[in-house]
Amino acid sequence: MTDTQTYYHGTKADLKTGDLIAPGYASNYGKRNQANFVYLSATLDAAIWGAELAVGAGRGRVYIVEPTGPIEDDPNLTDKRFPGNPTKSYRSRDAFRIIGEVADWKGHSPGQLKEMHDHLESLKQRGIEAIEE
């Protein structure tokens, strides 16, 4: 049986079709430690958050990706925050291949972005890492 699920990855990295997104680079979150995993979502909204919250210059981008190995539920967004994984967020130790880009996505409102940035800053002030490796 073929997996027909569409997966997305949000980032500020300027990549192209065929490129691989792999672990081993500085994380976009927390203390920017070397990432042991790469993250993807089966919902466009979660990927948009990734594109909007990623560090770095340039505009956010949302890529359509395919896993090259096994994926697992993202513990940063499942069970701890959203039991049952309604955000359909996953991670992998294997790379994702870019198979396309979503060019016409609409970002969150300035109020929603401020609320999320305030929430992440609150976690940081309390010593809680946003990403659990």
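Computed from the coordinates by the stated procedures, all read-outs in this text should not be read as laboratory data. Given the structure is predicted, the values throughout are model-derived calculations rather than measurements. Note that each Cβ is placed from the backbone with ideal geometry, even for glycine, and that neighbours are counted across all protein chains shown.
Tabulated data
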read-out	value
Distant-in-sequence amide H partners of LYS12 (H built 1.01 Å from N, under 5 Å)	ARG61
Under the Karplus curve 6.51 cos²θ - 1.76 cosθ + 1.60, θ = phi - 60°, whole-Hz ³J(HN,Hα) for the range 95-100, x wherever Gly or Pro sits	5, 10, 9, 6, 10, x
Phi-based couplings in Hz for the range 53-65 (Karplus 6.51, -1.76, 1.60; Gly and Pro marked x)	9, 4, 6, x, 7, x, 7, x, 9, 10, 9, 8, 10
Extended-chain gain in nm, criterion 0.36 nm per residue less alpha-carbon gap, THR6 and HIS119	37.8 nm
Amide H contacts under 5 Å for VAL102, placed H, 5+ residues apart	VAL62, TYR63, ILE64
ASP74, ASP104, ASP19 arranged by Cβ crowding within 10 Å, fewest neighbours leading	ASP104, ASP19, ASP74
Cut-off under 5 Å, modelled amide H: who pairs with TYR7 long-range	VAL65
Pair ASP19, ARG59: separation of 7 Å Cα→Cβ label points (nm)	1.5
Burial ordering of GLU66, GLU121, fewest other beta-carbon atoms within 10 Å first	GLU121, GLU66
